[in-house]
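Asks: Quick one: this structure, given as structure tokens, is what I'll be asking you about.
The values are calculated or read from the model by the stated rules, or taken from the named source; none is laboratory data. Keep in mind the model is a prediction, meaning the values are calculated, not measured. Reconstructed Cβ throughout: ideal geometry from the backbone, glycine too, with neighbour counts over all protein chains shown. To get the accessible areas, we keep the full protein, side chains included, count just its heavy atoms, and leave off ligands, DNA and RNA. Shrake-Rupley method; radii C 1.70, N 1.55, O 1.52, S 1.80 Å.
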Amino acid sequence: MSVPDYMQCAEDHQMVLVVVQPMGIVPEDQFFRIYKRITSVSQVSIRDSQRILFIRYRHHYPPENNDWGDFQTHRKVVGLISVTSCTTAKEWPQTSDRFHGQKEVFGSTLYDSRLLVFGLQGEVAEQQRTDVAFYPSYDDCPDVEKRVEDFVESIFIVLESKRLDRATDKSGDKIQLLCVPFEKKDFVGLDTDSRHYKKRCQGRMRKHVGDLCLQAGMLQDALVHYHMAVELLRSVNDFLWLGAALEGLCSASVIFHYPGGTAGKSGARKPGVSSAADAGKRHRPGAQEVLIDPGALTTNGISADTSTEIGRAKNCLSQEDIIEKYKEAISNYGKYKSAGVIELETCIKAVRVLAIQKRAMEASEFLQNAVYINLGQLSEEEKIQRYSVLSELYELIGFHRKSAFFKRVAAMQCVAPTIPEPGWKACYKLLLETLPGYSLSLDPKDFSKGTHRGWAAVQLRLLHELVYASRRMGNPGLSVRHLSFLLQTMLDFLSDQEKKEVTQSLENYTSKCPGGMEVISLPDGLKLPPVPFTKLPIVFSFSPLTVKALDDILKRCCFSLMCVCVCVADFQWVQGDVCEVQLMVYNPMPFELRVENMGLLTSGVDFESLPAALSLPAESGLYPVTLVGVPRTAGNITINGYHTSVFGVSSDCLLEGLVGVKSSGCMVEVVPSLPRLQLCTSLPRSAHLSSEDLSTSVSLQLFNGETQQLTITLENIGTEMLNTLELTSKTLSTKEKLFGEFLTWDLQDALSHLPLKSGQSVSIPVNISAKLDFSGQENLLHDLNDDGISVTGLPVSSPLRQVLKPRAENKPVGTDASKNEFNHVKTLEAVLTFKYSGGAGQVEGYYRELSLGVRVDVEPSVFFTRVSTLPATSTRQCHLLLDVFNSTEHELTLSAKNNQDLVLHASECQRYTHTHTHTHTHSLTHTESSFIGEMYCCLSG
């Protein structure tokens with residue numbers, strides 16, 4: 001026997017084999033419709049009996065396998081059903097002859113046959129025949145199942161008669177020697193009268209009767225015959241038939257223990273009545289051999305009544321003993337090279353039993369033995385079938401990776417060099433089925449849930465094979481998808497050279513068929529999900545930017561968290577304005593990575609994304625990238641991710657799929673459109689003030705008492721008209737004493753230009769005045785005299801005066817050391833805030849703020865180094881003497897009320913006399929302070 005049946009299972013031993021074949025020209029779909037209806041009659045309860053006959057159908061069966069029918073009766077074709085089309089009476093004689101010719105193929109073993117004729121009507125079709133059924137069409141055949149049941153009952157009648165004939169053989173000592181095909185030449189010339197020969201004949205016939213009993217539904221009788229056959233055949237060392245007897249004993253025991261079957265079918269087989277009745281007779285585990293009473297045997301070794309033997313037999317093997325007997329049977333088969341198919345099928349049956357018993361390791365030993373069984377020269381199709389069945393059996397016992405290995409071997413066999421037309425589609429289909437065994441999934445989401453599972457090297461090899469197979473199938477889209485999946489999920493396991501090779505291949509494929517985000521549906525219903533390139537580049541952070549980074553601040557903000565996944569930003573965007581999202585990305589490739597068409601993915605409002613193109617250096621490290629877009633309508637916008645095009649593959653990368661980003665989206669409120677101002681100043685920009693978040697800043701230097709004008713120009717660069725404008729200032733905390741206003745302006749002229757249209761501008765002049773008090777510093781002021789008159793409001797006896805250093809009389813005032821002593825710079829800082837609004841946003845209560853920081857470094861201009869008084873001619877007057885020092889490098893003019901001007905050159909000190917009229921001596925301090933203040937206010941240079 002050269003063709004194995006890989007679907008064999010132990011319960012097949014109790015089935016009779018019926019072949020259903022088309023005859024002539026029969027449409028394939030119509031044939032299989034009828035075949036499905038025929039096979040639905042899988043078991044028939046025999047009338048007037050408690051037995052059930054089980055049927056095994058095949059639509060193709062090698063005739064040479066039928067020659068082994070005496071060795072194991074379940075291999076014998078006992079029934080034939082032919083299906084044919086015949087439309088006219090003229091065709092009928094030819095159809096009938098063809099049917100008889102078809103019967104001759106299996107004629108030596110057939111018990112009965114049937115011919116189903118479709119399409120013939122008339123006189124011929126009205127003939128009543130038991131072996132032929134006529135139907136008008138394939139759709140009009142209501143009693144097919146009933147005819148099949150009648151056919152099966154006729155087979156049972158023949159089977160039962162043969163069983164009885166064999167069991168009650170009266171031929172004396174002359175028992176037929178049953179042989180397998182390769183044995184016939186070996187028995188030529190043997191002594192047929194020897195005791196050894198007779199025992200061989202008795203043992204083989206006993207085994208054959210056991211097969212017939214098992215098929216006829218007499219399980220206990222079959223067990224007894226198998227036990228007795230084992231003893232007889234073992235005594236004569238008839239190993240091949242001993243193996244068959246042991247296998248029959250195992251099969252009967254399996255049927256007894258597992259009435260639901262071992263083939264793994266969805267519907268469990270209905271147990272026979274005899275099996276149910278004998279279920280209580282199951283003996284203890286460990287029962288193996290049968291005790292044979294020689295008196296119970298006839299002269300030919302076949303007893304007509306086995307009831308006494310049933311009572312004395314340890315009938316059924318235990319579950320453990322079944323496997324031991326299978327091992328022994330396989331060992332006996334292994335002694336015969338021509339029994340390789342029988343040995344292989346027995347291994348498969350044992351594996352199915354062990355799978356039910358959940359003994360995976362022992363099952364793997366049987367499968368390992370099956371792998372090395374030599375079946376001679378097998379065709380490529382037979383090799384594919386063999387490896388596929390091995391894969392299924394390994395899967396059955398839970399050896400998933402081993403299963404995947406043999407399925408992959410079967411896939412490679414589909415495209416072997418010896419095949420004229422390689423089956424790349426079959427190869428691809430089998431390769432897909434190996435993925436679970438290698439812990440592979442074609443969904444990239446499964447690779448972002450933790451550590452990598454499986455052997456990466458094997459997975460890479462398998463993915464490369466999928467790419468190649470899909471290309472040979474003529475489906476470049478599949479090749480792009482699998483290669484993209486390889487690059488995305490296996491990037492960490494690729495060497496630098498492999499990364500270059502894979503990306504080059506991908507670019508070659510995408511030049512013909514660009515990759516996208518569509519789901520690819522395969523013919524068998526499998527769907528390949530899209531593969532976004534979230535690692536090319538790798539994104540470590542994803543942050544929408546507030547509009548304050550765009551030079552102005554939007555007010556009426558709120559902050560909340562919707563859930564743990566989606567956050568609501570604590571700022572708003574404005575309809576029609578350019579909005580930004582900043583990413584920190586990393587290029588993991590060993591070469592420059594070109595990213596094209598990179599933009600934002602949003603939902604909620606109409607959003608115009610402005611794509612960007614990047615060129616990231618090799619292994620760039622963290623690299624900042626800004627993506628921009630314009631919301632066209634107001635509402636809530638959710639930023640879901642970004643899209644890219646890398647190596648010709650377009651990707652939609654969602655935030656929920658990024659390992660470095662914890663949120664699945666960010667929601668930003670888009671408010672109605674507002675005007676947008678751009679601020680320019682007459683002074684150059686400077687660094688921002690340290691304590692404030694400003695749009696821009698300016699800085700300048702002034703001498704104490706100096707005033708300078710700053711011109712601020714506001715241009716409406718938005719699309720909405722500017723309707724309202726307000727300006728406020730805030731002087732930042734300072735310890736310095738400030739005289740007068742630091743910043744002053746007049747906004748009326750600017751307001752007269754409102755509303756300000758897009759593209760128009762308005763200027764606002766701002767006066768900056770620096771008037772500080774430098775008089776409180778050490779060693780700058782001295783006593784007027786010793787009469788106790790206070791200086792700058794401090795009494796002579798105050799603690800400050802006691803720590804003042806005495807003036808060095810011998811130090812020249814105009815020296816550099818003296819000049820440096822007076823070079824003290826003070827700083828003033830303030831913030832100008834423009835609040836403005838317009839358009840639809842103004843109606844909703846929104847406005848914008850634009851802030852300008854002003855920093856002024858104030859240097860001292862003049863110092864009063866000595867102040868004293870002299871009495872005048874009148875008691876109501878006095879002369880106030882002041883030594884005035886110009887600490888600047890410029891010429892200054894000092895002016896006071898009712899006095900002449902005093903011109904001071906750079907670093908020059910002069911005495912200034914002022915005559916003052918007073919009413920009371922005690923008011924001198926106030927008078928002097930007022931005078932000094934007037935001097936500062938009138939300072940110019």
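Asks: Apply 1/(1 + (r/R0)^6) to the Cβ-Cβ distance of I419 and Q582, taking R0 = 51 Å, and write down the FRET efficiency to the nearest 0.05.
Replies: 0.35
Asks: State the Cα centre-to-centre distance between segment 311-366 and segment 1-32 in whole Å.
Replies: Each part's Cα centre sits 24 Å from the other's.
Asks: What full-extension length gain, to one decimal in nm, is calculated for Q176 and E28 as 0.36 nm per residue of separation minus the Cα-Cα distance?
Replies: Residue separation times 0.36 nm, minus the Cα-Cα distance, leaves 48.9 nm.
Asks: What is the calculated FRET efficiency for L526 to D606, with r their C-beta to C-beta distance and R₀ = 51 Å, to the nearest 0.05?
Replies: 0.90
Asks: Here's another thing I want to ask about it. Report the charge-dipole magnitude of segment 400-528 in Debye, nearest 20, computed about the Cα centre from +1 at each Lys and Arg Cβ and -1 at each Asp and Glu Cβ.
Replies: Result for segment 400-528 is approximately 300 debye, rounded to the nearest 20.
Asks: OK, next. Treat each spin label as a single point 7 Å out from the Cα along the C-beta direction, and report the K337 to E126 distance in nm.
Replies: Placing both labels 7 Å along Cα→Cβ, they lie 6.4 nm apart.
Asks: Based only on the alpha carbon positions, what is the Kirkwood hydrodynamic radius of segment 400-528, in angstrom?
Replies: 15.2 Å
Asks: Apply 1/(1 + (r/R0)^6) to the Cβ-Cβ distance of E596 and E844, taking R0 = 41 Å, and write down the FRET efficiency to the nearest 0.05.
Replies: Working from the Cβ atoms, E equals 0.60.
Asks: For segment 862-921, build the charge dipole from Cβ charges (+1 Lys, Arg; -1 Asp, Glu) around the Cα centre, then report which of T913, L894, T865 sits farthest towards its positive end.
Replies: T913
Asks: Would you give the gap between the C-alpha center of segment 844-859 and the C-alpha center of segment 633-680, rounded to a whole Å?
Replies: Spelled out, the Cα-based centre of one part sits 30 Å from the other.
Asks: Moving to a separate point now. Obtain the nm distance between the two label points defined at R876 and H753 by a simple spin-label model: each point lies 7 Å from its Cα along the Cα-to-C-beta direction.
Replies: 5.6 nm
Asks: Further, regarding this structure: Expressed in nm to one decimal, what extension gain is obtained for the pair K662 and D773 from 0.36 nm per residue of sequence separation less their Cα-Cα distance?
Replies: Working it through step by step, the gained length comes to 34.4 nm.
Asks: Testing the spin-label approximation: label points 7 Å from Cα along Cα→Cβ at D97 and F447. State their distance in nm.
Replies: Spacing of the two 7 Å Cα→Cβ label points: 6.6 nm.
Asks: Let me ask something else about it. Quote the accessible area belonging to H100 in square angstrom, nearest 10, computed with a 1.4 Å probe and with ligands, DNA and RNA left uncounted.
Replies: The accessible area of H100 comes to roughly 80 Å².
Asks: Taking H as built 1.01 Å from N, whose amide H comes closer than 5 Å to the amide H of V574, not counting residues under 5 places away?
Replies: Answer set, sorted by chain and number: V671.
Asks: With a 1.4 Å probe and every protein chain left in place, tell me how much accessible area S895 has, in Å² to the nearest 10.
Replies: Approximately 30 Å² for this residue.
Asks: Against the globular-protein guess of 2.2 N^0.38 Å, express the Cα radius of gyration of segment 833-913 as a ratio, rounded to two decimals.
Replies: In units of the globular-protein estimate, segment 833-913 measures up at 2.14.
Asks: Which length gain, in nm to one decimal place, applies between E64 and A263 when the Cα-Cα distance is subtracted from 0.36 nm times their residue separation?
Replies: Taking E64 through A263 to full extension adds about 69.2 nm, to one decimal.
Asks: Next up: Report, to the nearest whole %, how much of the accessible area of segment 400-528 belongs to carbon and sulfur atoms, 1.4 Å probe, protein only.
Replies: Carbon and sulfur together cover 53 percent of it.
Asks: Can you pull out the trypsin sites (Lys or Arg not before Pro) in segment 336-387 whose DSSP state is coil and whose Cβ has at most 10 other Cβ atoms within 10 Å?
Replies: Filter output for segment 336-387: K358.
Asks: Next up: With a sphere of radius 13 Å drawn around the Cβ of S543, what net charge do the other residues whose Cβ falls strictly inside it have (Lys, Arg +1; Asp, Glu -1)?
Replies: -1
Asks: Could you point to the residue in S379, G423, S441 farthest towards the positive end of segment 361-481's charge dipole, with +1 and -1 charges on the Cβ of Lys/Arg and Asp/Glu respectively?
Replies: The residue sitting farthest along the positive end of the dipole is S441.
Asks: Given charges of +1 on the Cβ of Lys and Arg and -1 on the Cβ of Asp and Glu, with all other atoms neutral, how large is the dipole of segment 10-168 about its Cα centre, in debye to the nearest 20?
Replies: 300 debye
Asks: For K771, which aspartates and glutamates qualify as cross-link partners when the Cα separation must be under 17 Å and same-chain residues fewer than eight apart are set aside?
Replies: Result set, ordered by chain and number: E706, E736, E741, E829, D857, E859, E934.
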